[in-house]
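Scroll down for the structure; my scribbles are underneath it.
Read-outs throughout are calculated quantities, based only on the coordinates presented, and are distinct from any laboratory measurement. Here the structure is a predicted model, which is why all the values come from computation and not from measurement. As a convention, Cβ positions derive from the backbone with ideal geometry for all residues, glycine included, and neighbour counts pool all protein chains shown.
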Amino acid sequence: MKVLKFGGTSVGSAERMKGVNQLINTEELKIQKRIIVLSAMSGTTNTLVQISEQLYAKNYPQAALIITEMELKYRKTIGELYKKDESKEKASNLLDAQFGHIRSLAKERERFSNLKERILLAKGEQLSTAMFQLFLEENGVESVLLDALEFMRIDENSEPEMDFIEEQLKIELEKYPDNLLFITQGYICKNSFGEIDNLKRGGSDYSASLIGAAVNAEEIQIWTDIDGMHNNDPRIVDKTMPVAQLSFDEAAELAYFGAKILHPSTITPAKAKNIPVRLLNTMAPHLKGTVITKDAADTNIKAVAAKDNITMINIRSTRMLLAYGFLRKVFEIFEKYKTSIDMVTTSEVCVSVTIDNIANLEQIINELEEFSSIEVNKNMSIVCVVGDLISERVGYAEEIFSSLSTVSIKMISYGGSKNNVSMLIDTQDKKAALQGLNKGLFKL
Ligand code: ADP
Ligand code: ASP
Ligand code: MG
């Protein structure tokens, strides 16, 4: 079994959906069992977020306008996607039903809620998969549409319930023992209350990896709009190049620290089952892309990434810092508010930590202030250099820091992980930092 995930751009138009049909039905793949995980068409989830924002703000006419524009776009796509009148009619009925439901969620005088928002956000993947499966049907390609809501579930901590996913997916697949091709939605799931939920933005990658782990796939392929993981963020620096091979740990660090090509949690399920993850480009399928496996290919610096919206908290206490138990006291507060810490540094009078989830910042500060004085700095970024054994190799520190000679570094984490050196900087310095590292480390 193989799992192939196609991202927003890869299903972003009628033309692209036709391309996906070719990619999943090559002579080699045709004879294999495969599960195709689709994202929403590009831009759709952003549009659904905008509709929700307007509904929360009770701006009903604006919400209605965005819904109408979105529907027009979909009507145009189905006009281009199908040839036969019968398929066009089926697709039109699908849009009637889905947009009817969207409008019912957007009704004036009915309070918009978090649950309605999550139901709305699921529409993108529900539309793309149904449209794609109808396209396969029109072209005589036999396939089964699996409803991700039947098997993808998260618990009360928003963690995937792996045993449930495995069991339910097995039950679903066993209903179709003779079928080879399955289509399902990325991103969407149910939660512990049985409500519709999602795996957070960019979550289709995570869905693919969870599905791959659940069925013990031989490979998980993430098809996107770029030829694999690049050595640096192509949205920020001009010259970047694909990295041919990464270890699970290296890829996980890059995804966690901002490489948007992968949802931060994608690697975890694949690593647990030792399933290779291949990153490929739908626009250039002949290119090798990146393969992510258990072992790293060589001991080199592979790539850099940056994660924004980081908040630094300096916790100062001359009285207690050196007393044992101080750090435990600090960390317990973060644990209590389910806020994970990315970086930590300590000095004689101060502990500095960084967080990216500031939902409970005020309560955290209040509790910390009971025994220390606090300074908070927002708008920071973590720049992370990833490679095999980089913190154990002689000479890398100098290379990294001399590449950043023009940037003010606020915190450094070196040696905590064998494959990562991370630095905290002001977000306004991010471009200079990534460009400096591109020149210094990769000679690009
Ligand atoms: P999809 O819709 O297929 O999930 P995404 O937009 O989520 O695609 O991810 C692909 C994008 O990630 C690329 O177009 C690129 O701009 C961005 N990206 C950021 N960092 C990297 C990186 N290190 N390597 C490759 N792509 C990256
Ligand atoms: N459609 C969702 C999003 O835009 C999930 C994904 O694309 O991975 O975030
Ligand atoms: Mg993505």
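Applying the criteria of a DSSP loop state and at most 11 other Cβ atoms within 10 Å to the trypsin sites (Lys or Arg not before Pro) of region 325-399 yields Lys338. Each principal axis of the Cα cloud of region 1-111 was taken in turn, and the coordinate range along them, longest first, works out to 54, 30, 19 Å. Charges were assigned to the Cβ only: +1 to each Lys and Arg, -1 to each Asp and Glu. The resulting dipole of region 221-333 about its Cα centre is roughly 440 debye. Thinking of region 238-306 as a set of Cα atoms, what percent of all their pairs are more than 16 Å apart? Roughly 47 percent, rounded to a whole number. Global dimensions of region 270-405 from alpha-carbon coordinates: Rg and Dmax equal 19.7, 63 Å. Summary of the geometry: region 135-208 and region 29-91, compared by the centres of their Cα atoms, lie 19 Å apart. Computed over the chain, the alpha-carbon pair-distance distribution with 10 angstrom bins reads 4, 19, 26, 26, 17, 6, 1, 0, each value a whole percent.
Between the helical axis of 204-214 and the longest alpha-carbon principal axis of the chain there is an angle of about 80 degrees.
Would you please name the chymotrypsin sites (Phe, Trp or Tyr not before Pro) within region 136-238 that are DSSP coil residues with at most 13 other C-beta atoms within 10 Å of their C-beta? Answer by residue number: Phe193.
Using +1 at the C-beta of Lys and Arg and -1 at the C-beta of Asp and Glu, which of Pro61, Phe371, Leu95 has the Cα lying farthest in the positive direction of the dipole of the chain? Looking along the dipole axis, the top candidate is Pro61. In plain terms, the C-alpha convex hull of region 56-149 casts an average shadow of 6.4 nm² when viewed from every direction. Summarising the strand pairing of the chain, around 60 percent of its internal DSSP beta bridges are antiparallel. With unit charges on the beta carbon (Lys/Arg positive, Asp/Glu negative), name the residue among Gly12, Gln50, Thr26 whose Cα is farthest towards the positive pole of the charge dipole of region 1-86. It is Thr26, whose Cα lies furthest towards the positive end.
Rounded to the nearest 20 debye, the dipole magnitude of the chain is 800 debye, with +1 charges on Lys and Arg beta carbons, -1 on Asp and Glu beta carbons, and the Cα centre as origin.
Of the residues Leu327, Phe164, Met283, the one whose Cα sits farthest towards the positive end of the charge dipole of the chain is Met283 (charges of +1 on Lys and Arg Cβ, -1 on Asp and Glu Cβ, taken about the Cα centre). Please work out whether region 139-244 counts as rounded, prolate or oblate from its C-alpha gyration tensor, where a ≥ b ≥ c are the square roots of the eigenvalues and a/c under 1.5 means rounded, while otherwise a/b larger than b/c means prolate and anything else oblate? Note, shape of region 139-244 comes out oblate.
Applying the Kirkwood pairwise sum to the alpha-carbon positions of region 329-444 produces a hydrodynamic radius of 15.6 angstrom.
Dipole magnitude for region 70-181: about 940 debye, using +1 per Lys or Arg Cβ and -1 per Asp or Glu Cβ, origin at the Cα centre. The alpha-carbon of Lys329 sits under 22 angstrom from the alpha-carbons of these lysines, leaving out residues fewer than 8 places away in its chain: Lys338.
Note on region 381-423: Rg/Rh from C-alpha atoms, Kirkwood Rh, equals 0.93. With K and R counted +1 and D and E -1, the other residues having a Cβ less than 12 Å from that of Pro234 yield a net charge of -1.
Over all distinct alpha-carbon pairs, what is the Kirkwood Rh of region 154-308 in angstrom?
16.4 Å
Taking a straight Cα-Cα cut-off under 17 Å and skipping sequence neighbours fewer than 8 places away in the same chain, the lysines within cross-link reach of Lys439 are Lys239, Lys302, Lys430, Lys431.
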